[in-house]
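First up is the structure itself, then whatever we jot down about it.
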Amino acid sequence: MDKIEKLEKIKESLQNTMISTIGIEITDVGDDFVCGKMPVDARTVQGFGILHGGASVVLAESLGSIAGSMQIDLKNEVVMGIEINANHLQAVKEGWVFGKASPIKIGKRIQVWEIQIKDEANKRVCISRLTLAVVKKS
């Protein structure tokens with residue numbers, strides 16, 4: 001499957017989910033990374049008008065989980081987030097934020113991903129680490 005087919009398949013699978021509801025778009029995929037973007041708007045800001053930390057975590061876990069699922073046999077396995085942390089480094093009031101999930105470890109039963117989120121000026125907004133369990137389907 002080529003990159004365009006992968007992106008279309010991912011986009012299709014995300015319809016009618018939290019990811020699509022808050023405007024996250026998957027923009028690029030590779031053998032060991034996934035990139036996406038999220039708007040900073042009424043769906044993703046908190047009461048002070050800045051990007052909600054929880055929205056950044058949703059972007060991070062989404063990118064990492066999609067990337068992790070690309071590393072397994074989807075007919076027989078699934079990935080499930082078992083731990084995520086996030087350091088929020090800078091406030092964003094408008095525009096878009098961009099995330100990239102890159103592997104730290106891809107094992108048979110555990111995966112660890114780093115997700116960096118940056119603003120339109122390429123400044124780091126959030127750094128997150130996601131641990132996924134690889135689980136056999138029942």
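The values are calculated or read from the model by the stated rules, or taken from the named source; none is laboratory data. Predicted model only: the values in this text are computed from it and were never measured. Cβ coordinates were reconstructed from backbone atoms using ideal geometry, including for glycine residues, and neighbour counts include every protein chain displayed. Heads up: the accessible areas ignore ligands, DNA and RNA and are worked out on the full protein's heavy atoms, side chains in. Shrake-Rupley method; radii C 1.70, N 1.55, O 1.52, S 1.80 Å.
Couple of notes before you dig in:
- For Val45, the amide hydrogen comes within under 5 Å of the amide hydrogens of His52, counting only partners 5 or more places away or on other chains and with H modelled in the peptide plane.
- Helix 3-13 and the longest principal axis of the Cα set of the chain meet at an angle near 80°.
- Calculated [222 nm] ellipticity per residue, helices only, for the chain: -7000 deg cm²/dmol; basis is -39500 (n - 2.57) per DSSP H run with n ≥ 4, divided by all residues, nearest 500.
- Excluding same-chain neighbours fewer than eight residues apart, the aspartates and glutamates reachable from Lys3 by a Cα-Cα span under 19 Å are Glu12, Glu25, Asp28, Asp31, Asp32, Asp73.
- Once all protein chains are placed together, Glu8 keeps about 100 Å² accessible to a 1.4 angstrom probe.
- Those lysines that a straight Cα-Cα span of less than 27 Å connects to Lys93, excepting residues fewer than 8 apart in one chain: Lys11, Lys37, Lys118, Lys123
- When you work out D = kT/(6 pi eta Rh) for segment 80-138 at 25 °C and 0.890 mPa s, using the Kirkwood radius from C-alpha pairs as Rh and the Stokes-Einstein form, the result is 195 µm²/s.
- Accessible surface, per residue, of segment 1-124 when the full set of protein chains is kept, probe 1.4 Å, Å²: 59
- Compared with the dominant principal axis of the Cα atoms in the chain, helix 53-69 is inclined by about 20°.
- Taking the chain and dividing mean pair separation by its residue count, relative contact order in percent (alpha carbons under 8 Å, at least six apart): 24
- Just the protein heavy atoms count here, and of the accessible area of the chain at 1.4 Å, carbon and sulfur take up 52 percent.
- Which of Ser128, Ser20 is most accessible, then next, and so on - probe 1.4 Å: Ser20, Ser128
- Peptide packing: for 27-38, 52-63, the average count of neighbouring Cβ atoms within 10 Å per residue gives the ranking 52-63, 27-38, highest mean first.
- Here the scattering of the chain is modelled by Debye summation over its C-alpha atoms, one equal scatterer each and no solvent; at q = 0.09, 0.17, 0.18 Å⁻¹ the log10 of I(q)/I(0) is -0.25, -0.88, -0.98.
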